[in-house]
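*Asks:* If you scroll down you'll find the structure; I have some questions about it.
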Amino acid sequence: MKSVPKKSNVTRLRPAGKPKLKAVRNRIDAAEWKARVELAAAYRLTALMGWTDMLGTHISCRVPGTHDQFLLNPYGMLFEEITASSLIKVDVDGNKLSESPYDVNKAGFTIHSAIHMGNHNADAVMHLHTAYGVGVSTQKQGLLPVTQMSLTALALVRYHDYEGVAFNLDERERLVKSLGDGGMLILRNHGTLTVGATIGEMFHRMYRLERACKFQIHAMTGGAELNELPREVVNHAIDQGREIYSKGGQAEGGKLVWAAMVRKLDRVDPGYAV
């Protein structure tokens, strides 16, 4: 007679699935959908580059045709999961203006809302906590003029002193003042931030800043004395960087890089544009 196996007392946990998300393409205008697709691409590419911090950090963009509405990631989705439809429309305080089963991280949006509202050129804002960006943010002298990558970035780099986790809305005014006319912000003891008139410009600026920080950390880790450049060479290289990335320059607004990166994403991870 076959013995009947005893029932196990162990509770088997089923993997938690993602909440169902509704497609929004047919409920919004073409301009907003295009912005959603580009922003979703920026999230996926950030994951592809290894720049993520689990659910932390954000990338946002202004909803075309509006002044005080923005698109932001749903809090609870990894960057590699973001799609155009999953992005949430929010106001300047991070309140949801579109339907989603996810919430938004209002504390995280303090930084983004400040920059969006205080800088008319900041249609796109990216904030990261990468190993190299955070590493340089902890160094008293900040980004050093020791590599070509840093020299092409330094004209845009500004600094903001750490005030704690960004819960205090009063910090927004100080963030805007710290960024000033720059396009890259090193948040001391915290991380990095870039802005752009386009998502591509924002992304390419972060690439340049991240690479500059990476080269600096590697150079300093080697232990050898750094080769200090003459001031006149530094100034000349910074001016060259301005020319290359300014309007009409060879690498204006990161257009070529962004187009190439989106083509790459379409090959390796095309599911973002839904």
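*Asks:* Buried (at least 21 other Cβ atoms within 10 Å of the Cβ) and either among the aliphatic types (A, V, I, L, M) or part of a loop (DSSP other than H, G, I, E, B) (or both), is that true of Val125?
*Replies:* So Val125 passes the test.
*Asks:* Which one is modelled with the lowest pLDDT among residues in the stretch 10-36 that are among the β-branched types (Val, Ile, Thr) and under 19 Å from Arg62 (Cβ atoms)?
*Replies:* Val24
*Asks:* Residues Glu201, Glu228, Glu232, Glu210: which one is part of a helix (DSSP H, G or I) and more than 25 Å from His129 (Cα to Cα)?
*Replies:* Glu232
*Asks:* Another question, if that's okay. Would you confirm, using the coordinates I've provided, whether Pro101 is more than 22 Å from Arg263 (Cβ to Cβ) and surrounded by fewer than 20 Cβ atoms within 10 Å (Cβ to Cβ)?
*Replies:* yes
*Asks:* Separate question: Are any residues in the stretch 185-195 surrounded by fewer than 24 Cβ atoms within 10 Å (Cβ to Cβ) and more than 21 Å from Gly50 (Cβ to Cβ), and if so, which ones?
*Replies:* Across the stretch 185-195, the qualifying residues are Arg188, Asn189.
*Asks:* Gly223 passes all but one of (1) at positive phi; (2) touching a residue at least 24 places away in the same chain (Cβ under 8 Å); (3) surrounded by fewer than 19 Cβ atoms within 10 Å (Cβ to Cβ); which number fails?
*Replies:* Here Gly223 meets the rest and fails (2).
*Asks:* So, in the stretch 55-66, of the ones that are modelled with pLDDT of 95 or more and aliphatic (A, V, I, L, M), which residue ends up surrounded by the fewest Cβ atoms within 10 Å (Cβ to Cβ)?
*Replies:* So, considering only residues that are modelled with pLDDT of 95 or more and aliphatic (A, V, I, L, M), the one surrounded by the fewest Cβ atoms within 10 Å (Cβ to Cβ) is Val63.
*Asks:* Asn119 passes all but one of (1) in contact with a helix residue (DSSP H, G or I) (Cβ under 9 Å, 6 or more places away or on another chain); (2) in contact (Cβ under 8 Å) with a residue 40 or more places away in the chain; (3) farther than 19 Å from Arg205 by Cβ; which number fails?
*Replies:* (3)
*Asks:* For Ile82, state whether it is of a type in the set (Val, Ile, Thr) and modelled with pLDDT of 95 or more.
*Replies:* Yes, satisfied.
*Asks:* Let me ask something else about it. So which residues in the stretch 151-194 are assigned to a helix (DSSP H, G or I) and within 19 Å of the chain's Cα centre (by Cα)?
*Replies:* Arg172, Leu175, Val176, Ser178, Leu179
The values are calculated or read from the model by the stated rules, or taken from the named source; none is laboratory data. Everything quoted here is computed from the prediction, not taken from an experiment. Note: ideal-geometry Cβ built from the backbone for every residue, glycine included; neighbour counts use all protein chains shown.
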